[in-house]
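The values are calculated or read from the model by the stated rules, or taken from the named source; none is laboratory data. Source: prediction; values computed, not measured. Cβ sites come from the backbone with ideal geometry, for glycine too, and all protein chains shown count toward neighbours.
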Amino acid sequence: MRTYTADITNRETQPLSRKAVQRSQITHYMKRHRLSIHTVAFVAGVPLMVVWRVQQGEPITKEHAHTIRFAFLCLTGVPYKGIFAVYPEERKGTR
């Protein structure tokens, strides 16, 4: 059977979205270290939905991002160098 492989070397491509990059990084890190969202949520002390949101590339609070990053380090001994989507900080008292 003959297979056809298209040559796309000279074609213009679209860059990956930030959300897609985050999902890829988290998935790769968790698979490499055999982590479940249940374990990460338990060690980080955050609700399971927060870790699920991280996996989906959805924004979380800065505090949750810090605790999850620390939980990754505690569980694996390897710092997570990927990105997290974080809610923008609200400015207090400015108009």
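What do you reckon, is VAL46 within 19 Å of ARG23 (Cβ to Cβ), in contact with a His (Cβ under 7 Å, 6 or more places away or on another chain) and modelled with pLDDT of 95 or more?
Working: within 19 Å of ARG23 (Cβ to Cβ): yes; in contact with a His (Cβ under 7 Å, 6 or more places away or on another chain): yes; modelled with pLDDT of 95 or more: yes.
Answer is yes for this residue.
Scanning segment 53-71 for residues that are modelled with pLDDT of 95 or more, of a type in the set (A, V, I, L, M, F, W, C) and under 22 Å from ARG18 (Cβ atoms) gives a single hit, ILE68.
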